[in-house]
1. Conditions first: (1) on the phi < 0 side of the Ramachandran plot; (2) at pLDDT below 65. Leu79 passes all but one, so which condition is the exception?
2. Considering region 13-62 alone, what residues qualify as being among the polar types (S, T, N, Q) and touching a strand residue (DSSP E or B) at 6+ places or on another chain (Cβ under 9 Å)?
3. Residues in region 5-54 that are at positive phi and among the basic types (Lys, Arg): how many?
4. Give all pairs with beta carbons closer than 7 Å in which a residue from region 48-62 that is outside the structural domain of Pro7 (by TED's automatic domain parsing) and under 13 Å from Arg6 (Cα atoms) meets a residue that is β-branched (Val, Ile, Thr) and at pLDDT below 85; count only pairs at least 6 apart in sequence or on separate chains.
5. Limited to region 1-25, what total is found for residues that are closer than 21 Å to Leu60 by Cα, surrounded by 10 or more Cβ atoms within 10 Å (Cβ to Cβ) and not charged (D, E, K, R)?
6. From the list Gly28, Gly34, which one is more than 22 Å from the chain's Cα centre (by Cα), modelled with pLDDT of 80 or more, exposed (fewer than 10 other Cβ atoms within 10 Å of the Cβ) and of a type outside the set (Val, Ile, Thr)?
7. Return the total of residues in region 1-48 being polar (S, T, N, Q) and in a helix (DSSP H, G or I).
Amino acid sequence: MFRFRRPSLTKRIAARTSWKRAVRHRLGLKAPRGWGWITNPRKALQNRIYRRTTFGVEDLARATGRGKGCLVLVLAGLLAAGVAAGLVVARLAATAG
């Protein structure tokens, strides 16, 4: 099942400001990229599956950079217009009721 990865600003900030990350970086206890299979194989497998079965905003931007994202841009625009229209209808319904 392929699905859209919803970005979360809260989780992004939490991951960058955790005390565990700060300690690991200060002590220099970081493994090189790609060593996840050695340090935590189960988590590495879960992350690999997640990254291959979801797509995010970065992936859409990367696709448009190679000239392949025209349809994606059109669909994203239609989705944004639909969301905006839904908000307008909801606001009108709230003020009318």
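The values are calculated or read from the model by the stated rules, or taken from the named source; none is laboratory data. Note that the coordinates shown come from a computational prediction; the quantities given were computed from them, not determined experimentally. No Cβ is skipped: glycine too gets one built from the backbone with ideal geometry, and neighbour counts run over all protein chains shown.
1. With (1) on the phi < 0 side of the Ramachandran plot; (2) at pLDDT below 65 applied to Leu79, the lone miss is (2).
2. Scanning region 13-62 gives Thr53, Thr54.
3. If we filter region 5-54 for residues that are at positive phi, which is where we start, we get 28, 34.
After this cut, where a residue has to be among the basic types (Lys, Arg) as well, the list is none.
So the count comes out to 0.
4. The qualifying pairs are Leu60/Val72.
5. Number satisfying all stated conditions: 3.
6. Gly28
7. Qualifying residue count for the region: 4.
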